[in-house]
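Step one of this worksheet: look at the structure below.
The values are calculated or read from the model by the stated rules, or taken from the named source; none is laboratory data. Keep in mind it's a predicted model, so treat the numbers as computed, not measured. We place every Cβ from the backbone using ideal geometry, glycine too, and count neighbours over all the protein chains shown. Quick note on the areas: whole protein, heavy atoms, side chains included, nothing else; ligands and nucleic acids left out. Shrake-Rupley method; radii C 1.70, N 1.55, O 1.52, S 1.80 Å.
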Amino acid sequence: MSPIVFIMAAGLGTRMKSETPKVLHPVAGRPVLHWVVGAARAAGAGRVVAILGHKHEIVKASLDARFGVGGVDIALQPEQRGTGHAVQCALPAVANEPDDKIVVILTGDAPLLASERIAELISAAEKSPSGMALLSTVPPRPMPYGRLVRDSAGVLQKIVEHPDATEEQRKILDTNAGFYAIRLGHLRRDLAALKADNAKGELYLTDLVAHAATRGGATSIDAPFTEVAGINDRVDLAGVELSARRRINEGWMRAGVTMIDPASTFIDADVGPLGKDIWLGPNVCLRGKTSLADGVRIDAGSVLTDVTVAEATTIKPYSILTESTIGARAQIGPFSHCRPESRLDEDVHLGNFVETKKTHLMAGAKANHLAYLGDASIGTKANIGAGTITCNYDGVGKYKTTIEAGAFIGSDSQLVAPVTIGRDAYVGSGTTVTKDVPRGALALTRVKQVNVEGWADRFREAQAKKRKSTEPGK
Ligand code: UD1
Ligand code: MG
């Protein structure tokens, strides 16, 4: 029986002090709420219902973009009157479900929950006579979490929220992590009985625990704090980001990736696959949907966003690559910049201060120093000299430069697009190409060189004389 999962995500997130809804802040590049939906799906959820309120249009658009329109059902909580009220607002979405169905309720602001934990919650709720289970945690420092109050036999009696707790109760180490599984019949009845007689004047979902106590007590499962930590402010966000980074990096290291310094290696949650024997230098950032094949080396300070790299390619320090595809055995950097839609085939070399955009360099093509290659197609084994610029933009439109296989572009050349340099052609250094160059031809627009014999010597002599005649006293 696949469970139904509710995710509470309607809150204002006031403590974030942000225009962006709290649940859309990214952790390792992935919005917090997407992590929670992902965990629910990985746990085999039949339906996921996100309870939205604050800026719900933006949150829904973000869910639709990732999980498809209707991939996550939405229940609206028009006013945020507490977590109990939030779940009340989701009940119409499950009106046709039977009372013995298990509903999992997750807090939308805690992204690192493992899907196995959801499975544990479900089986605990199924086994418990109370029909309810929840995750508890012991935070490493005092947190304003709900405290778990037990009787002398250890049976859960109730949860006391931090603002309502006495000094004595605040000393309880065991706190509520904010994740629950409960049979729908109990949920329906117990939610209807909730009262807002508390410090915040809200309907607390946590009051369900006192109801479960009348049925023998909810089962609590202890979870490590790093896995269940909720985000309420940006200090929490940074803490969760750090935990996410550690988890992601450990996963990749165990899968065969070497990191010189895992603490300064930043890999987004959606990066992958990463092959074997990958080597990552310090301060490397892999973002978006970047993937690397076997034997790729990425050296210090390089940032790759949505980039695919084939096997045995080396990216030297401080290279920035975005939305690009790099072939096998390529050599990139140091200080290369591949802007969106750059396509580099196998054995391409790109050196320092070379920028590409919407450009395809075919196998073995080389641009080793100082060049701008935009809207260009560069054939196999073409050689692009230092200082080459494709003049692709006239202030209005963008135009294409085609450099055919084996062509040699001399240093400091400007190729004014649209233009084609034919196969095996030469462009002499310093040329401004404005017309197509036929196959095998030489294009040259240089002014002819003149050598004036002895000119430099004569010039210096004349200067020296002039200086003497203007010295004081002469
Ligand atoms: C809640 C728990 C607390 C627990 C803590 C763990 C309650 C009453 N308290 O407190 O016991 O220790 O989580 O992180 O449940 N939300 C709504 N609608 C609302 C209010 C909240 O959808 O009207 C959502 C929020 O968007 C958030 C989640 O519910 O994702 C938790 O709300 P939050 O205000 O963060 O509760 P805490 O004070 O953290
Ligand atoms: Mg919270």
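Just one of (1) touching a His at 6+ places or on another chain (Cβ under 9 Å); (2) more than 29 Å from ALA153 (Cα to Cα); (3) more than 9 Å from ligand 1 (Cβ to nearest atom) fails for HIS186. It is (2). For the range 372-405, a tally of residues being of a type in the set (Ser, Thr, Tyr), open to solvent by 20 Å² or more (accessible area, probe 1.4 Å) and farther than 18 Å from SER324 by Cβ returns 4. For HIS211, the criteria (1) within 13 Å of ligand 1 (Cβ to nearest atom); (2) touching an Asp or Glu at 6+ places or on another chain (Cβ under 8 Å) hold in every case but one, which is (1).
Looking only at residues in the range 19-41 that are over 17 Å from TYR180 (Cα atoms) and open to solvent by 40 Å² or more (accessible area, probe 1.4 Å), the one that is farthest from ligand 2 (Cβ to nearest atom) is GLY29. There is no residue in the range 420-427 that is assigned to a loop (DSSP other than H, G, I, E, B), of a type in the set (S, T, N, Q), open to solvent by less than 90 Å² (accessible area, probe 1.4 Å) and in contact (Cβ under 8 Å) with a residue 12 or more places away in the chain. Taking LYS357, is it at pLDDT 95 or above, buried (at least 18 other Cβ atoms within 10 Å of the Cβ) and of a type in the set (D, E, K, R)? The answer is yes for LYS357.
Here's the yes/no breakdown for (1) of a type in the set (Phe, Trp, Tyr); (2) under 20 Å from ASP268 (Cβ atoms); (3) part of a strand (DSSP E or B):
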site	(1), (2), (3)
PRO282	no, yes, no
LYS289	no, yes, no
LEU304	no, yes, yes
ALA312	no, no, no
PRO317	no, no, no
ALA328	no, no, no
GLU341	no, no, no
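Residue selection: GLY216 satisfies the criterion of being in contact with a Pro (Cβ under 8 Å, 6 or more places away or on another chain) and open to solvent by less than 60 Å² (accessible area, probe 1.4 Å).
Reported count of residues in the range 21-38, each being more than 22 Å from CYS89 (Cβ to Cβ) and either more than 14 Å from ligand 1 (Cβ to nearest atom) or out of contact with any strand residue (DSSP E or B) (no Cβ under 9 Å at 6 or more places or on another chain) (or both), is 6.
So which of ARG234, ARG215 is modelled with pLDDT of 95 or more, farther than 25 Å from ALA119 by Cα and of a type in the set (Lys, Arg)? Only one candidate qualifies: ARG234. When ILE320 is tested against (1) within 23 Å of VAL419 (Cα to Cα); (2) open to solvent by 20 Å² or more (accessible area, probe 1.4 Å); (3) of a type in the set (A, V, I, L, M), only condition (1) is not met. All conditions but one from (1) within 16 Å of ligand 2 (Cβ to nearest atom); (2) open to solvent by less than 40 Å² (accessible area, probe 1.4 Å); (3) assigned to a loop (DSSP other than H, G, I, E, B) apply to PRO144; the one that does not is (2). For the range 1-15, the candidate set comprises residues that are surrounded by fewer than 19 Cβ atoms within 10 Å (Cβ to Cβ) and in contact (Cβ under 8 Å) with a residue 40 or more places away in the chain; within that set, the residue that is nearest to VAL104 (Cα to Cα) is SER2. If only residues of the range 98-119 that are surrounded by fewer than 17 Cβ atoms within 10 Å (Cβ to Cβ) and of a type in the set (Asp, Glu) are counted, the one that is nearest to ligand 2 (Cβ to nearest atom) is GLU116.
One residue is enough: does the range 463-471 have a residue meeting the conditions out of contact with any Ser or Thr (no Cβ under 8 Å at 6 or more places or on another chain), assigned to a helix (DSSP H, G or I) and acidic (Asp, Glu)? So far as the range 463-471 goes, no, none of its residues is out of contact with any Ser or Thr (no Cβ under 8 Å at 6 or more places or on another chain), assigned to a helix (DSSP H, G or I) and acidic (Asp, Glu).
Consider ILE182 carefully, then state whether it is of a type in the set (Val, Ile, Thr) and within 16 Å of ligand 2 (Cβ to nearest atom). Answer is no for this residue. Checking each residue in the range 102-129 for being more than 23 Å from LEU63 (Cβ to Cβ) and either among the basic types (Lys, Arg) or without any contact (Cβ under 8 Å) to a residue 12 or more places away in the chain (or both) picks out SER123, LYS127. Within the range 147-162, if we keep just the residues that are within 37 Å of the chain's Cα centre (by Cα) and not in a strand (DSSP E or B), the residue that is nearest to VAL209 (Cα to Cα) turns out to be GLU161.
ASP151 falls short on exactly one of the conditions (1) within 15 Å of ligand 1 (Cβ to nearest atom); (2) open to solvent by 50 Å² or more (accessible area, probe 1.4 Å); (3) modelled with pLDDT of 95 or more, and that condition is (1). All of LEU134, LEU112, LEU106 fail the test of being of a type in the set (A, V, I, L, M), in the same structural domain as GLY217 (by TED's automatic domain parsing), part of a loop (DSSP other than H, G, I, E, B) and within 14 Å of ligand 1 (Cβ to nearest atom), apart from LEU112.
Annotation note: Cβ proximity below 9 Å between a residue of the range 217-240 that is over 21 Å from LEU148 (Cβ atoms) and a residue that is away from ligand 2 (no atom under 15 Å from the Cβ) and β-branched (Val, Ile, Thr) (sequence gap 6+ or interchain) occurs for GLY239/THR226; VAL240/THR226.
Taking ARG234, is it more than 30 Å from ILE122 (Cα to Cα) and outside the structural domain of GLU323 (by TED's automatic domain parsing)? The answer is yes for ARG234.
Filter the range 163-178 for residues that are assigned to a helix (DSSP H, G or I) and open to solvent by 50 Å² or more (accessible area, probe 1.4 Å); which is nearest to ligand 2 (Cβ to nearest atom)? Applying the filter and picking the extreme gives PRO163.
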